[in-house]
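Data block below; observations after.
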2 protein chains.
Amino acid sequence: MAEEINANYSALSKRMAAIADLNSAASLLQWDQETYMPSGAGDARAQQLATLYGLAHDQFTDSETLRLLESLRNNLANLSDTESRSVDRIWRDYQRKTCLDRDFIERLSIQISRSFHAWEKARKEQDFDLFAPELERLTELKREEADRIGYTESPYDALLDEYEPGMKASELNRIFGVLMPELDRIYRIIASNRVVQHEDELAFALSEDKQWMLCRDVLEMIGFDSHCGRLDRSSHPFSIGMHPSDVRITTRFNAEDLTVALWSTLHEAGHAFYEMGLNAETRGMPLSEAASLGIHESQSRLWENQIGRSMAFLRYIEPAFLNAFDGKIPHDFIGKLHQKLNRIEKGLIRTEADELSYHYHIYIRYQIELDMLEGRLKIKDLKERWNGMYETYLGIKPGNDSEGVLQDVHWSHGSIGYFPTYTLGSIYASQIFNASLNEIEGLNQLQSKENLAQLKQWLQHKVFKFGRTLDANSICRKSTNNDLNPTEFVNYLETKIQSIHPYLAL
Amino acid sequence: MAEEINANYSALSKRMAAIADLNSAASLLQWDQETYMPSGAGDARAQQLATLYGLAHDQFTDSETLRLLESLRNNLANLSDTESRSVDRIWRDYQRKTCLDRDFIERLSIQISRSFHAWEKARKEQDFDLFAPELERLTELKREEADRIGYTESPYDALLDEYEPGMKASELNRIFGVLMPELDRIYRIIASNRVVQHEDELAFALSEDKQWMLCRDVLEMIGFDSHCGRLDRSSHPFSIGMHPSDVRITTRFNAEDLTVALWSTLHEAGHAFYEMGLNAETRGMPLSEAASLGIHESQSRLWENQIGRSMAFLRYIEPAFLNAFDGKIPHDFIGKLHQKLNRIEKGLIRTEADELSYHYHIYIRYQIELDMLEGRLKIKDLKERWNGMYETYLGIKPGNDSEGVLQDVHWSHGSIGYFPTYTLGSIYASQIFNASLNEIEGLNQLQSKENLAQLKQWLQHKVFKFGRTLDANSICRKSTNNDLNPTEFVNYLETKIQSIHPYLAL
């Protein structure tokens, strides 16, 4: 009996490994598409990707997978904890994927393709109306997807579950209910005190070649292992893992502002550390996969914000700046950089937002997509709603649709339910980093290569090693002894702002 | 009836397209492995490739392919000529691939992996004995492969057929029988006349950056379409096509000698033009695939040798040199370059050989692998045989095994029967280029971008468009009105050598 169970578990693992190979190949094709692929190859590449994903879907949903899963689920007692949780995860994937038949997946994929092209055009012409009809059709399909998958409270939950397993809109409402008033309170104090936030823009111009060198130097200083990863350029920074031994990140360059490239690099490096820390032996199994987008994002934000925007870290990487500026670093460069990186100022563009106002951008998108899914908001009213909310929450009105409702690609890809994971990531990051500060001596005193290696080891032990055999909240508990808690993020922000502006009464 | 036939042909095409997508993905993974992949990712990559090739094999050899092929083969009259030839080609592939079951393929693949690693080690340590036992096992398996596939004259034919469909050892013997005495005769005249072959090595040193620029400029001048292809660096130059819209080539750099990078680039560009010229609509079908390695090699050699080593072409690309040397081009640079590129001198290393003595290297390898396969040569005697033949045919003895019997990777990959396609490529190239000279006015008068575009158009019409719906010799006839004929290659060499050394009595 136990032998048969072991044989079935091995057979399942082997199936999952082969599917992981297909997905890894697809990931490399996507990486290439964003970095080196000749411009004329787009159609052929789309076909190759469709074939790989189609095959992966077929292999995953075929009857042999079902047979193995059913046999294992009837014998969970014979499996280890990790094994039985792994079977449970794969079973849930199976149910989710078999709800969506090949016909639906094709219809959705065609509509996504159409919506994305419409979005690109609309964005170029700054005209939401060019995108609206396609977004309407896509939203219909996403509602159908939610219905097929099923939900108890909100159709939004069915979609959210893909990115943040187990999370619900009702829980998000609770989280934003705590978070937003606090952010309002802090922001009002900053605004009413007319906080002096110096910025010397000229100090941050640097040639692309030198920025490239800077990013490579800093990656080396934070212990990014170039035997298992690499940095490239792309128009939108991203990270992608083919395997723990092969994780690629990209960045983009703005010659006027070196922080764009370097902080994108830090962000993506955080994602990469997570991917590199996943189990290398069980590819395709939950041990080798990320717990959720929220946990993934917590790792990128931890390196970009908690570490990257701290004075200690800036001092640690000062030699890299010195090198990039050929020894002629501008006067009080680290001080000015610290100011710039921690300036709080509401703006129109999500990806350029500071650590506080960022969450207004997410909150607005979340409200809008929730209302879309629950049928309270029609696409034709979406733009007006967007502009109204930006005026209410951020006090500014987009000058055109491209810097307004068309600024993000996510909806055109059908990624509805994705945005909130950014906020979850910020909260998890503050909690996890806090716990690491308590447990790793001297982590906040001096950032050194040894310090950061200790941190990564700690993260390996507290986060990475579980893969998705634990859900996001359980990982939060394992690493912090607490549940997800937005107040910790508020405390983190307050402490930091207070230290930079000691005269504020926060 | 006709409707069913059409449906079956469509179904077959669809299957082949999906298999082509898998193979294209695998090609990209291989390209990446040689160019950008982090060094630690080798094992994971090997697994991904094994999964993709395994799936492609399973899909190709499954019973549905057989059903479609049988139904179509019973109704060839209802198909067009191209369709019926395509079915015939796929049927032959099917027979070949189903001779080799999964167990044999795995045994072979493991042995190739072992042999390659042993070769790498042996080459590093200049010791053939470290490679010999693995090569012996591999040769056994290749003999088994030949037996499984079947042959009438020689087991060598069964292996050769994979690279050069329809070619036989008896035909190769006839070709070398014509070619080698002629090369001997020409070489003896050159050697006995103590031909002055100037070479000013210092003139060809150039920084890697400038060489990179030079290669890019020349690619542009020969009309390499960067929307559908790209150039990268790798330790061994190669070309690889994912699709006619996505063909990658690589080159390598020697700072002391710019001809290494540029002529590798021209060689690989010739391969790339062929891949870019294959049918883009029928991926996976014979119309979209190369006729043979010999024909493929004819295209690379045509650009590297017939065009690349001609005075007219060197004059045409002189501005690129001027640019690379910042306007300070060495005195009589083009003249010296022409001398260097056409110097005839026997040497030890195949990849560095001139157009004439190159074929001694091939002839030696061919004789050796033929004797290995037909059981006349034991692996333990291989090195002695190699060294003996180098002394007989080239008048030099390798100083060590790495510059001798270990110089090429091919055998370690199990590629036995591959080498002769290089010689076939040279012969086809001379015939095809000759025909193009007769048909395209002014092609040899002045090489210009328009000229070269006309040539490519001519090649498109005479070679590329047939894919492998015609065999190599039929393509030779279509383009030249002649069968494969080594004498034309001899004439090409003679004419060129005579023009450079008019005082020789050839």
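Ranked from shortest, the separations from the 7 Å Cα-to-Cβ label point of residue B:113 to its equivalents in the other copies are 3.6 nm. With all pairs of separate Cα atoms included, the range B:1-120 yields a Kirkwood hydrodynamic radius of 16.4 Å. The range A:300-350 and the range B:413-475 have Cα centres spaced 58 Å apart. The lysines within cross-link reach of residue B:383, meaning a Cα-to-Cα straight distance under 23 Å and a gap of 8 or more places when in the same chain, are B:121, B:124, B:142, B:346, B:397. From least to most packed, judged by other beta carbons within 10 angstrom and beginning with the fewest, A:16, A:221 follow the order A:221, A:16. Taking the Cα atoms of the range B:8-75, the ratio Rg/Rh between the radius of gyration and the Kirkwood radius comes to 1.16. Across chain A, the relative contact order, built from alpha-carbon pairs under 8 Å that are at least six residues apart, equals 19 percent.
Copy-to-copy label distances for residue B:460, where each label lies 7 Å from Cα along Cα-to-Cβ, are 5.6 nm in order of increasing length.
Put a plus charge on the Cβ of each Lys and Arg, a minus charge on the Cβ of each Asp and Glu, and nothing anywhere else: the dipole of the range B:1-99 about its Cα centre is then about 200 debye. Could you bin all the Cα-Cα distances of the protein assembly as shown into 20 Å bins starting at 0 and give me the percent of pairs in each, rounded to whole numbers? The percentages, shortest bin first, are 11, 37, 33, 16, 2, 0.
In a DSSP loop and with at most 15 other Cβ atoms within 10 Å, the GluC sites (Glu not before Pro) in the range A:423-490 are A:441. For the range B:153-506, taking Cα atoms only, Rg and Dmax work out to 19.9, 60 Å respectively.
Label separation (residue B:255 vs residue B:188): 4.6 nm, computed from points 7 Å beyond Cα along the C-beta direction. Per-residue shielding of A:13-21, expressed as the average number of other chain Cβ atoms within 10 Å of the residue Cβ, stands at 3. When the helices of chain B are scored as -39500 (n - 2.57) per DSSP H run of n ≥ 4 and the total is divided over every residue, the value at 222 nm lands at -20000 deg cm²/dmol. Modelled label positions at residue A:35 and residue A:396, each set 7 Å beyond Cα in the direction of Cβ, lie 3.3 nm from each other.
For the rotational copies A and B, the chain A residue with its Cβ nearest the relating axis, together with that separation in Å, is A:25, 2.
Laboratory data are not the source of any read-out in this text; all were calculated from the coordinates shown. Because the structure is a prediction, the values reported are computed rather than measured. Every residue, glycine among them, receives a Cβ derived from its backbone with ideal geometry; neighbour counts consider all protein chains shown.
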